[in-house]
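Colleague: Sharing a structure, written as structure tokens. Questions coming.
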Amino acid sequence: MSKYKEQIKRVPHSKGNALEFIHRYLIENDVSKKTVVDVSAGSGYVANLWHQAGAKVQAFDMYPEVFRSENLTCLPIDLNEKLSVESNSADYVLLMETIEHIPNQQFLLQEISRILKPSGILIVTKPNNSSFSGRMANLWVEAERSDMFLSNEASVIGYDDTHIYNGRVFLCNAQRLRTLAGLAGLRFQKVYSNQLSVSSLIWYLILGLFLHFRSFRTYKRLDRKTSNLKEKAILLQQHQLNSNQTVLLHKHLCILFRKEKV
């Protein structure tokens, strides 16, 4: 992936780990002729990558004027409102570096599920506050990193002084994201590896065995209390996600969900 690093460094308001993941995903998966809706397109780097891979891309952003492409246009969108996209029309929806800025995350995921075709795919990328270092940061300062507080009412992020939006006020960990997606009919499929967090690795060496043991005991206790087969399967998935080493040890969350067939 090193040949893309210089390009990625020049992309404004994006995370390198997320962009490298998209490069890798497009190499490993044929997306030609797939309909892709990018609901947080930003400067257009990711939308252009999917276009170059042969996908039919619909790009949207809160500030479409920052979007740059010779082949695509970008339309305005408000992710707190009903999405102006036809139901059951998208093979993929991209939600990158965005969900932690959105107050009504359940509504957004329900809207994304609506526009996805059955078996369509949602790709979410976000900072990993479910890593070991993220979990410890929540213990110390209730934020995603221990060297910062949670974004506050004065926190804004922007492309410039006039194109601004909320900071990461609405942190969403992996378990919450899995559950909200599940309520919207989106089934968790896979979490992808990216960059190892050294601080998470250190915490894992100290406390990892206890975490695995405690998660397993919790899973077994709850499993014994229910006879509902669907709930049993979900409890197992929660345990597996809670003890997933990619989640625990990597800096970013790159997660794939698939819309359930009706």
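Colleague: With θ set to phi - 60° and the Karplus curve 6.51 cos²θ - 1.76 cosθ + 1.60, what are the ³J(HN,Hα) couplings of segment 57-65 in order, to the nearest whole Hz, using x for Gly and Pro?
Modeller: Result, ordered by residue: 9, 10, 9, 9, 7, 4, 10, x, 5 Hz.
Colleague: Could you tell me the accessible area of Asp91 in Å² (1.4 Å probe, neighbours in place), rounded to the nearest ten?
Modeller: That residue has around 30 Å² of solvent-accessible surface.
Colleague: Please work out how much length the chain gains when fully extended from Phe216 to Met136, using 0.36 nm per residue of separation minus the C-alpha to C-alpha distance, in nm with one decimal.
Modeller: On the way: separation 80, 0.36 × 80 = 28.80 nm, distance 1.99 nm.
This chain segment gains 26.8 nm when fully extended.
Colleague: Determine which residues of segment 42-67 fall in the zone a paramagnetic label at Val169 would reach in this model, i.e. backbone nitrogen under 19 Å from the point 7 Å along Cα→Cβ.
Modeller: Within reach of a label on Val169, which here means backbone N under 19 Å from a point 7 Å along Cα→Cβ, segment 42-67 contributes 62-63.
Colleague: Another question, then. Quick one: pull the percent of accessible area on segment 145-262 belonging to carbon and sulfur, 1.4 Å probe, ligands and nucleic acids left out. Could you put the intermediate results ahead of the total?
Modeller: On the way: 4100 of 7330 Å².
Answer for segment 145-262 is 56 percent, counting heavy atoms of protein chains only.
Colleague: What figure, in Å² to the nearest 10, do you get for the accessible area of Glu81 with a 1.4 Å probe and non-protein molecules left out?
Modeller: Approximately 110 Å² of Glu81 is accessible to the 1.4 Å probe.
Colleague: Related question: Please report the net charge: other residues with Cβ closer than 9 Å to the Cβ of Leu122, K and R +1, D and E -1.
Modeller: +2
Colleague: Within the chain, what's the longest stretch lacking trypsin sites (Lys or Arg not before Pro) that sit in DSSP loops with no more than 10 other Cβ atoms inside 10 Å? Don't skip to the answer; put the middle values down first.
Modeller: Working: sites that count: Arg10, Lys33, Lys82, Lys261.
In short, 83-260.
Colleague: Under a Cβ-Cβ cut-off of 12 Å, what is the net charge of the residues other than Leu211 that fall near it, where Lys and Arg count +1 and Asp and Glu count -1?
Modeller: Details: positive: Arg135, Arg214, Arg217; negative: none.
Neighbour charge sum, excluding Leu211 itself: +3.
Colleague: Something else about it: From Cα pairs below 8 angstrom and at least 6 apart in sequence, can you work out the relative contact order of the chain, rounded to a whole percent? Each step should come with its number before you reach the end.
Modeller: Details: 456 pairs, mean separation 49.7, N = 262.
In percent, rounded to a whole number, it is 19.
Colleague: Next up: Hey, rough spin-label estimate for Phe107 and Lys190, points 7 angstrom out along Cα→Cβ, what's it come to in nanometres?
Modeller: Modelled inter-label distance: 3.3 nm.
Colleague: Hey, what's the chain come to in accessible area per residue, 1.4 Å probe, Å²? Write down the numbers at each step before the final one.
Modeller: Numbers: 13720 Å² over 262 residues.
With the other protein chains kept in place, the chain gives 52 Å² per residue.
Colleague: Under a Cβ-Cβ cut-off of 14 Å, what is the net charge of the residues other than Glu86 that fall near it, where Lys and Arg count +1 and Asp and Glu count -1? Kindly include the intermediate steps, with their values, before the conclusion.
Modeller: Numbers: positive: Lys56, Lys82, Arg114, Lys117; negative: Asp91, Glu111.
The answer is +2.
Colleague: Taking the dipole about the Cα centre of the chain, with the C-beta of Lys and Arg at +1 and of Asp and Glu at -1, give me whichever of Tyr92, Leu207, Asn173 is farthest to the positive side.
Modeller: In the chain, that residue is Leu207.
Colleague: Less than 15 Å from a label point 7 Å out along the Cα-to-Cβ axis of Thr162: which backbone N atoms in segment 48-80 qualify, by residue?
Modeller: 63-67, by backbone N distance to the label point.
Colleague: Give the ranking of His23, His51 by solvent-accessible surface, highest area first, calculated with a 1.4 Å probe. Present the calculation step by step, with values, prior to reporting the outcome.
Modeller: Values: His23 15, His51 65 Å².
The residues order as His51, His23, largest area first.
Colleague: In the full protein assembly as shown, how much of Met148 is accessible to a 1.4 Å probe, in Å² to the nearest 10?
Modeller: 50 Å²
Colleague: Moving on. Would you please give the residues with an amide H less than 5 Å from that of Val37, counting only those at least 5 places away or on a separate chain, with H modeled from the backbone geometry?
Modeller: Gln58, Tyr92, Val93, Leu94
The values are calculated or read from the model by the stated rules, or taken from the named source; none is laboratory data. A quick note: this is a predicted structure, and the numbers were derived from the prediction, not measured. Here Cβ is always computed from backbone atoms with ideal geometry, including for glycine, and neighbour counts include all displayed protein chains. In case anyone asks, the SASA skips ligands and DNA or RNA and just uses the protein heavy atoms, side chains included. Shrake-Rupley method; radii C 1.70, N 1.55, O 1.52, S 1.80 Å.
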